[in-house]
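Novice: Here's a structure for you.
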Ligand code: OSB
Ligand code: MG
């Protein structure tokens, strides 16, 4: 495809409620959107980096700078602009998977939009709707937690994930089990524990959780393998899985029996599909993680989650779980499911009025001003 310009647009969107995890609290999302403007079509990418480098080393200001100063010039210099050329062209730049993923998503959306092809079909989706789960942050008290979970179950969410940390783990899980019975339940620690906590984490065993997500630091594959031998709850990795190769390695070493896939964490939807394929070939089920996306990122996540090895319910919630008003027509729960967009590309477009009202800055880079562009 051809590009005339790339737009780096920053938007500011308050969450309906602050989201607290072991690594910090997010109340307002400061999000970078990448717009590829071409003569035949436009494409949108959403960068999932947070405001601060607390989930991973990336953060939105850093992603903005690396896209502008290092990624776009390399992409233009590589010549032929196509989604499958993006990752190879950007590979010399170390790290920055969320920045790379946002660029690739924009190119992929523009390319598929021009071809009239939906992302879901392109990725190999086999379903037209996906079950919706919800990730519950750490609230102030157990009664507050039970109210929040009750509200989500009333709306029809098909699985609940509780964020945990030392001091907020066994008791909230016990309370949810006592109140809501055998609702599909899992926990996410975002690296908050060490292997020394193995005996304590074994205290979760009686609650028959679907999985425990990323209990130990991201580089501790051996530790996760040892922990997996010491607890009954299946171990799932999020932060540790940075590529299809990392997934294959973690699985081979017994560090996880389930994988969370986030396109931003692995450098894009094309690599996310490879992670899916590697896991499927090894009999390891996957599920789609979330990064508090707008309807743009959500549309792509729903498409990804419709692939066949997404056998567990993902953190792909309805727009209303995050936003008063989403950037796109809202994703709504229908009997606990979200519909996979059927239109070309990611299948959704920002509402121009909402987009204008949340925009804090726009930087337009003419393609011709980039080396080789
Ligand atoms: O670890 O899965 C995580 C949000 C931001 C950063 C990391 C994580 C999360 C979530 C929320 O759990 C998932 C969502 O609903 O988007
Ligand atoms: Mg996680």
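The values are calculated or read from the model by the stated rules, or taken from the named source; none is laboratory data. In this text the structure is predicted, and so the values were computed from the model without any measurement. Note: ideal-geometry Cβ built from the backbone for every residue, glycine included; neighbour counts use all protein chains shown.
Novice: So if I check each of 312, 307, which one is crowded, with 16+ Cβ neighbours inside 10 Å, within 16 Å of ligand 1 (Cβ to nearest atom) and assigned to a loop (DSSP other than H, G, I, E, B)?
Specialist: Unique residue meeting the criteria: 312.
Novice: If you don't mind, there's one more thing I want to ask. Output the residues belonging to the stretch 34-73 that are surrounded by fewer than 24 Cβ atoms within 10 Å (Cβ to Cβ) and part of a strand (DSSP E or B).
Specialist: 35, 37, 42
Residue-wise test of (1) closer than 24 Å to residue 23 by Cβ; (2) modelled with pLDDT of 95 or more; (3) touching a helix residue (DSSP H, G or I) at 6+ places or on another chain (Cβ under 7 Å).
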site: 134; (1), (2), (3): yes, yes, yes
site: 152; (1), (2), (3): yes, yes, no
site: 167; (1), (2), (3): yes, yes, no
site: 184; (1), (2), (3): no, yes, no
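Novice: Evaluate the stretch 11-29: report whether one residue or more is farther than 27 Å from residue 217 by Cα, more than 16 Å from ligand 1 (Cβ to nearest atom) and at pLDDT 95 or above.
Specialist: Within the stretch 11-29, one or more residues are farther than 27 Å from residue 217 by Cα, more than 16 Å from ligand 1 (Cβ to nearest atom) and at pLDDT 95 or above.
Novice: Out of the residues in the stretch 31-58 meeting the condition of being without any contact (Cβ under 8 Å) to a residue 60 or more places away in the chain and closer than 24 Å to residue 139 by Cβ, tell me which one is nearest to ligand 1 (Cβ to nearest atom).
Specialist: Filtering the stretch 31-58 for residues that are without any contact (Cβ under 8 Å) to a residue 60 or more places away in the chain and closer than 24 Å to residue 139 by Cβ, the one nearest to ligand 1 (Cβ to nearest atom) comes out as 54.
Novice: Does residue 245 satisfy being away from ligand 2 (no atom under 16 Å from the Cβ) and under 30 Å from residue 87 (Cα atoms)?
Specialist: yes
Novice: A follow-up question, please. Can you tell me which of 42, 4, 30 is under 21 Å from residue 320 (Cα atoms) and in contact with a helix residue (DSSP H, G or I) (Cβ under 7 Å, 6 or more places away or on another chain)?
Specialist: 30
Novice: While we're on this one: Just checking, how many residues over the stretch 199-242 are within 16 Å of residue 162 (Cβ to Cβ), more than 13 Å from ligand 2 (Cβ to nearest atom) and surrounded by 14 or more Cβ atoms within 10 Å (Cβ to Cβ)?
Specialist: Of the residues in that region, 8 qualify.
Novice: Return the only residue of 265, 298 being touching a residue at least 60 places away in the same chain (Cβ under 8 Å), assigned to a helix (DSSP H, G or I) and within 16 Å of ligand 1 (Cβ to nearest atom).
Specialist: None of the others qualify; the one that does is 265.
Novice: While we're looking at this one, here's another question. Quick test for you: out of 290, 254, 283, pick the one residue that is part of a loop (DSSP other than H, G, I, E, B) and free of Cβ contacts under 8 Å to residues at least 12 places away in the same chain.
Specialist: After ruling out the rest, the residue left standing is 283.
Novice: Of the residues that sit in the stretch 20-33 and are surrounded by 15 or more Cβ atoms within 10 Å (Cβ to Cβ) and either within 16 Å of ligand 2 (Cβ to nearest atom) or more than 17 Å from the chain's Cα centre (by Cα) (or both), which one is farthest from residue 363 (Cα to Cα)?
Specialist: 22
Novice: Right, residue 140: surrounded by fewer than 18 Cβ atoms within 10 Å (Cβ to Cβ) and within 15 Å of residue 38 (Cβ to Cβ) or not?
Specialist: So residue 140 does not fit the description; no.
Novice: Let me ask something additional. Need the failing condition index for residue 191 against (1) out of contact with any helix residue (DSSP H, G or I) (no Cβ under 6 Å at 6 or more places or on another chain); (2) over 21 Å from residue 55 (Cβ atoms); (3) in a loop (DSSP other than H, G, I, E, B), just the number.
Specialist: (2)
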